[in-house]
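Structure, as structure tokens:
The values are calculated or read from the model by the stated rules, or taken from the named source; none is laboratory data. Just so it is clear, the model here is predicted, and its values are computed rather than measured. All Cβ positions, glycine included, derive from the backbone under ideal geometry; neighbour counts span all protein chains shown. Surface areas here come from the heavy atoms of the whole protein model, side chains and all, with no ligands, DNA or RNA. Shrake-Rupley method; radii C 1.70, N 1.55, O 1.52, S 1.80 Å.
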Amino acid sequence: MTQHRTHTLTWLILLPVLLVAALTSCSKTTTTTGPAEPLSASLSHQPLRFDPCTAVPQDQLSALGLEVRIPNHYIGPFSEPNLQFSGCLVRYQSNPDVEFYLQATNITGDYLHSVLAQSRSFQQVKVASHDATLATIQSSPGECMLLTPMSDYRLLLDGNFPNKSCDLAIDLATKLVVLPQLQ
């Protein structure tokens, strides 16, 4: 009898512990129902409201030394189908060899880092009062991608700049972001 009581007592103690463990494991909910979220989760979901190349009058672009070359066309290193770009290829008038894309986009700094981390180095820079992300290629100095967060979009300058430096990209972005048309 003593052995039967010991066995029963063991079950009486063990049963609530097992029941609590089973209920605890069943009550946990899993929020992931498939693979990790796609990179598009790092994109801004606000639609682009304008094209910076048409929003800023041509005379103001000329005053900055810019000339529109190819409207509404961007060729970049991105393949995500949810990316949005609106802008143009521009040329810097005082140095016709300098061409870069001027785009409004829904790319975020996080997205830029996740897609280009293996091929570019990143630096945080100030563009007027904005914290911007500068992505460069060490083996190709002067090839710059500058992403500046605006109120509801990002301003992107992407191209080759003179003197193997991104100083002109930062300078031009600083002059552009203060224009009322781009606010």
Legend entry - List K164, K126, K175, ordered by accessible area with a 1.4 Å probe, largest first: K164, K126, K175
Inset, instruction - Quick one: accessible surface of E99, probe radius 1.4 Å, all protein chains present, in square angstrom to the nearest 10. - result: 60
Inset, instruction - Determine the share of region 82-178's accessible area contributed by carbon and sulfur atoms, expressed in whole percent, with a 1.4 angstrom probe. - result: 43
Inset, instruction - Take the alpha carbon gyration tensor of region 55-178, find the square roots of its eigenvalues, order them as a ≥ b ≥ c, and report rounded if a/c is under 1.5; if not, report prolate when a/b exceeds b/c, else oblate. - result: rounded
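Expressed in nm to one decimal, what extension gain is obtained for the pair S140 and N82 from 0.36 nm per residue of sequence separation less their Cα-Cα distance?
Residue separation times 0.36 nm, minus the Cα-Cα distance, leaves 18.0 nm.
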Legend entry - Label-point separation in nm, E67 to V125, each point 7 Å along Cα→Cβ: 2.4
Inset, instruction - First check a/c for region 124-183, with a ≥ b ≥ c the square roots of the eigenvalues of its C-alpha gyration tensor; if it is under 1.5, answer rounded, and if not, answer prolate when a/b is larger than b/c or oblate otherwise. - result: prolate
